[in-house]
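Dropping a structure here in structure tokens format, bear with me for questions.
The values are calculated or read from the model by the stated rules, or taken from the named source; none is laboratory data. What you see is a predicted model; the values in this text were computed from it and never measured. Glycine also receives a Cβ, built like all others from the backbone with ideal geometry; neighbour counts cover every protein chain displayed. With ligands, DNA and RNA removed, areas are computed over all heavy atoms of the protein, side chains included. Shrake-Rupley method; radii C 1.70, N 1.55, O 1.52, S 1.80 Å.
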Amino acid sequence: MNLSFDFSFYNWDLISNFILKGLYFSVMLTVVATLGGIFFGTLLAMMRLSGRKWLVVPATIYVDGMRSIPLVMVILWFFLLVPMIIGQPIGAEMSAVITFIAFEATYFSEIMRAGIQSVPRGQMSAGQALGMTYGQNMRLIVLPQAFRNMLPVLLTQTIILFQDTSLVYAIGAYDMLKGFEVAGKNYGRPIEAFVAAAVVYFVICYTLSHLVKRLHKRIAIIH
Amino acid sequence: MAWDWQMFCEDTLDRTVREGCFGTGGDITYLDWMLSAWGWTVSVSLLALLLALVTGVVIGTLRTLPDSKWIVRFGNGWVEIFRNIPLLVQIFLWYHVVPAVFPAMKSMSGFTLVVLALGFFTSARIAEQVRSGIQALPRGQRYAGMAVGFTTWQTYRYVLLPNAFRIIIPPLTSETMNIFKNSSVAFAVSVTELTMFAMQAQEETGRGIEVYMAVTGLYIVSAFTINRIMTFIEKRVRVPGLVAPGAAGGH
Amino acid sequence: MIELKNVSKWYGSFQVLDDCSTHIEKGEVVVVCGPSGSGKSTLIKTINALEPIQKGEIWVNGTPVHDPKTNLPKLRSKVGMVFQHFELFPHLTVTQNLTIAQVKVLGRSQDEARKRGLKMLDRVGLMAHKDKFPGQLSGGQQQRVAIARALSMDPIVMLFDEPTSALDPEMVGEVLDVMVSLANEGMTMMCVTHEMGFARKVASRVIFMDVGGKILEDCTKDDFFGNPDARQSRTKDFLGKILQH
């Protein structure tokens, strides 16, 4: 084994020069895509549950289409198409943000749909019996309950989303993984760089998924 | 904006249009290239699937063994490690780090390393499904297997695994489709599968939309085919009268 | 044939069996009853070691069940067990359910196992259903198949763990009929059940267990039902409650 692992590779200069910027972008991308994804995902879910064909069909095509192609391809598509549509070049980072909102919305919509369907029909009827409109019913009765049922799944999806952000590598956006890669290249120590990347991702994802598990148990008790 | 599908008939070197759209005498057109890239995608995916199924079933089963704390811990650790590191990072680990630790693996091709990375990554997810499938079975099934004199191995072989298998076919279907999608990450280590082809052909020809559409179409065809195959398998193994696990138990 | 000596069992710090001792002779039919939480299901499962015990000894036909060196699969293949929720193997046909353990555990040939299994199936009156899957049968039919499955292993004793309590009332009779005829043929049986009619008809002895996993009564059937004054007050309460119906 001729592995000489250089621990001096890990120092504050490296972190502040290469990693922090990438970490910031990864986290920002995760947060923005989660919020945007939940927003548009809810819209998509409500379209699919509306029972009106002109809403159901496009939403279904959009969701199923997005979900049947690799995320990397979606990233490439948006990077190609968005500048054509708006008529000017945009950076890889901006393109990534738009892509992830559009892509994650489809996953969040499926979670929302399952969540909404998990609320017993009787709740909707009870709301109607009290004279609420469809919108009021959704906003005041169904969605709050649905949201609680699906919170753990939603958070799990966010963790997956955080892992997926590493795929912006395909268009050269500067995320955390890119930060480690560049650092590894600059110092000629790719092994140390990728090991560190793996450890950091693992610690973040493992910790978060444990928190979700605990939350899941608490919710299970309340029910 | 006019579409130019003829570019697929162009030779990849001199960019002249070939008659019949396929290259001859060792030259290849973009169409040739794309089809071979599809072949790589299918090969990577199927081999990784095989590895993931074998490993996943073993690890998932180990995690349900009664009274074997350390084996269960090993299984849990396996799942946590492969599930909490992004696939792309895992691929880089296999490509850069693993051969440095095990010099014997230095001669391995990018293709092999991607199969290993994708296979083990997916094994963690399959292991999770196998575990929850086995644990979803009524406790009495394990007892019943033991009561007729089966050893632990026989109880798994004849009772628990065949039962759990039927429960996990739907999630396995989506996992199989995921493998095909995830194989796209192989571009990062220059395996010339579909996504790699898409990126390179786009750059060489400037015909991004046509190239991406064709590649996307092939991914969709692949996904659809898997879906049909899995539905067929699901129908074939369906047991008459069996609605849900434990339905007969009257819980 | 079966001997339990001072058997105790805990789940963590919670005691489910408390110093239980009893014995079952060849040809005896012993009914175990008691309120829920009295550990009667656990007790019967200790006999073929589906539930391990922490203290005491259990002997089945001269084999020490409590000994970690005992070959449990071999022991279990000689002890038939019928479960509350039937536990037929849902992915196998009725015939396969009857033969699989004969072939894989006893090493019988497929033909021999099939012959033996179908004979038992005929005995419980379900020959017509031999090619069906468990999910296509009623609860009572499933339980009769489960009895046939246990019988095809030629057991030296049969254990029944609340065999009728998951059944719809109209199906209880068909299962009890099979059990009564088994008892009349001299099969050694231990049954956890609340069916006191069954106990009156065929039991040699009745064991009453109370909350906390203690054996409170262990006496002949005639004593149990015919001599209420000699019974403990807990037993009388229990009998009063279940015999009202």
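Pick from region B:82-101 the residues that are at the interface with another protein chain (Cβ under 7 Å from one of its Cβ atoms) and in a helix (DSSP H, G or I): which of them is nearest to B:Glu175 (Cα to Cα)?
Once the filter is applied, the top-ranked residue is B:Leu88.
Residue check: is C:Leu75 of a type in the set (A, V, I, L, M, F, W, C) and either in contact with an Asp or Glu (Cβ under 6 Å, 6 or more places away or on another chain) or in a helix (DSSP H, G or I) (or both)?
Taking the combined requirement at face value, the residue satisfies it.
I'd like the full set of residues that are open to solvent by 10 Å² or more (accessible area, probe 1.4 Å), within 28 Å of the chain's Cα centre (by Cα) and more than 11 Å from every other protein chain (Cβ to nearest Cβ), limited to region A:176-194.
Of everything in region A:176-194, just one residue is open to solvent by 10 Å² or more (accessible area, probe 1.4 Å), within 28 Å of the chain's Cα centre (by Cα) and more than 11 Å from every other protein chain (Cβ to nearest Cβ), namely A:Val182.
Taking region C:199-245, which residues are charged (D, E, K, R) and within 21 Å of the chain's Cα centre (by Cα)?
Across region C:199-245, the qualifying residues are C:Arg200, C:Lys201, C:Arg205, C:Asp210, C:Lys214, C:Glu217, C:Asp218, C:Lys221.
Residues to consider are C:Phe225, C:Phe208; find the one that is closer than 29 Å to C:Val16 by Cα, touching a residue at least 40 places away in the same chain (Cβ under 8 Å) and surrounded by 16 or more Cβ atoms within 10 Å (Cβ to Cβ).
It is C:Phe208.
What residue, of C:Gly117, C:Gly135, is buried (at least 17 other Cβ atoms within 10 Å of the Cβ), facing chain B (nearest Cβ under 8 Å) and part of a helix (DSSP H, G or I)?
C:Gly135
Can we say B:Ser190 is more than 9 Å from chain A (Cβ to nearest Cβ), without any contact (Cβ under 8 Å) to a residue 60 or more places away in the chain and of a type in the set (Ser, Thr, Tyr)?
For B:Ser190, the condition - more than 9 Å from chain A (Cβ to nearest Cβ), without any contact (Cβ under 8 Å) to a residue 60 or more places away in the chain and of a type in the set (Ser, Thr, Tyr) - is not met.
Among the listed residues C:Lys45, C:Lys74, identify the single one that is facing another protein chain (nearest Cβ under 9 Å), open to solvent by 20 Å² or more (accessible area, probe 1.4 Å) and in contact with a Phe, Trp or Tyr (Cβ under 9 Å, 6 or more places away or on another chain).
Sole residue among the options that is facing another protein chain (nearest Cβ under 9 Å), open to solvent by 20 Å² or more (accessible area, probe 1.4 Å) and in contact with a Phe, Trp or Tyr (Cβ under 9 Å, 6 or more places away or on another chain): C:Lys45.
Moving to a separate point now. So, in region B:143-153, of the ones that are assigned to a helix (DSSP H, G or I) and open to solvent by 30 Å² or more (accessible area, probe 1.4 Å), which residue ends up nearest to the other protein chains (Cβ to nearest Cβ)?
B:Met146
Right, another one. Of all residues in region B:8-63 being buried (at least 20 other Cβ atoms within 10 Å of the Cβ) and in contact with a Lys or Arg (Cβ under 6 Å, 6 or more places away or on another chain), which is farthest from B:Phe82 (Cα to Cα)?
So the residue we want is B:Thr29.
Residues A:Gln128, A:Gln145, A:Gln123: which one is farther than 28 Å from A:Glu104 by Cβ and open to solvent by 20 Å² or more (accessible area, probe 1.4 Å)?
Result: A:Gln128 is the single residue among A:Gln128, A:Gln145, A:Gln123 that is farther than 28 Å from A:Glu104 by Cβ and open to solvent by 20 Å² or more (accessible area, probe 1.4 Å).
Among the residues of region C:151-162, is there at least one that is out of contact with any Ser or Thr (no Cβ under 8 Å at 6 or more places or on another chain) and farther than 16 Å from C:Leu121 by Cα?
Yes, because at least one residue in region C:151-162 is out of contact with any Ser or Thr (no Cβ under 8 Å at 6 or more places or on another chain) and farther than 16 Å from C:Leu121 by Cα.
Looking only at region A:162-175, filter to residues that are over 12 Å from A:Thr99 (Cβ atoms) and more than 9 Å from chain B (Cβ to nearest Cβ); which one of those is surrounded by the fewest Cβ atoms within 10 Å (Cβ to Cβ)?
Selected residue: A:Gly172.
While we're looking at this one, here's another question. B:Pro171 passes all but one of (1) in contact with a Phe, Trp or Tyr (Cβ under 7 Å, 6 or more places away or on another chain); (2) surrounded by fewer than 21 Cβ atoms within 10 Å (Cβ to Cβ); (3) over 27 Å from A:Val82 (Cβ atoms); (4) more than 14 Å from chain C (Cβ to nearest Cβ); which number fails?
Only one criterion is unmet by B:Pro171, namely (1).
Among the residues of region A:1-30, which ones are in a loop (DSSP other than H, G, I, E, B) and either touching a His at 6+ places or on another chain (Cβ under 8 Å) or free of Cβ contacts under 8 Å to residues at least 24 places away in the same chain (or both)?
Hits for region A:1-30 are A:Met1, A:Asn2, A:Ser4, A:Asn11.
Look through region B:216-225, keep the residues that are at pLDDT 90 or above, open to solvent by less than 20 Å² (accessible area, probe 1.4 Å) and within 16 Å of the chain's Cα centre (by Cα), and return whichever of them is nearest to B:Lys181 (Cα to Cα).
Filtering region B:216-225 for residues that are at pLDDT 90 or above, open to solvent by less than 20 Å² (accessible area, probe 1.4 Å) and within 16 Å of the chain's Cα centre (by Cα), the one nearest to B:Lys181 (Cα to Cα) comes out as B:Tyr219.
Moving on. For region C:170-194, which residues satisfy the criterion of being open to solvent by 40 Å² or more (accessible area, probe 1.4 Å) and under 13 Å from the mean Cα position of the chain (by Cα)?
The answer is C:His194, and nothing else.
Within region C:55-71, is there a residue that is among the hydrophobic types (A, V, I, L, M, F, W, C), modelled with pLDDT under 95 and within 19 Å of B:Tyr158 (Cβ to Cβ)?
The answer is no, given that none of the residues of region C:55-71 is among the hydrophobic types (A, V, I, L, M, F, W, C), modelled with pLDDT under 95 and within 19 Å of B:Tyr158 (Cβ to Cβ).
Same structure again: With respect to B:Arg18, is the statement that it is in contact (Cβ under 8 Å) with a residue 60 or more places away in the chain, more than 14 Å from chain A (Cβ to nearest Cβ) and charged (D, E, K, R) true?
Answer is no for this residue.
B:Val185: open to solvent by less than 40 Å² (accessible area, probe 1.4 Å), touching a residue at least 60 places away in the same chain (Cβ under 8 Å), out of contact with any His (no Cβ under 6 Å at 6 or more places or on another chain) and not in a helix (DSSP H, G or I), yes or no?
No.
Would it be correct to say that C:Asp19 is more than 15 Å from the chain's Cα centre (by Cα), surrounded by fewer than 22 Cβ atoms within 10 Å (Cβ to Cβ), more than 27 Å from C:His194 (Cα to Cα) and at pLDDT 90 or above?
No: the conditions fail for C:Asp19.
Would you check if A:Ala45 is more than 30 Å from B:Thr205 (Cα to Cα), assigned to a helix (DSSP H, G or I), at pLDDT 85 or above and in contact with a Lys or Arg (Cβ under 6 Å, 6 or more places away or on another chain)?
So A:Ala45 passes the test.
Hey, another quick one. Restricting the first residue to region C:81-100 and requiring it to be surrounded by fewer than 24 Cβ atoms within 10 Å (Cβ to Cβ), which pairs with a second residue that is in a strand (DSSP E or B) meet a Cβ separation below 7 Å and a spacing of at least six or different chains?
From residues that are surrounded by fewer than 24 Cβ atoms within 10 Å (Cβ to Cβ), the pairs are C:Gln84/C:Asp161.
Applying the selection to region B:154-168, what residues are more than 7 Å from every other protein chain (Cβ to nearest Cβ) and in contact (Cβ under 8 Å) with a residue 24 or more places away in the chain?
The answer is B:Tyr156, B:Leu160, B:Leu161, B:Ala164, B:Phe165, B:Ile167, B:Ile168.
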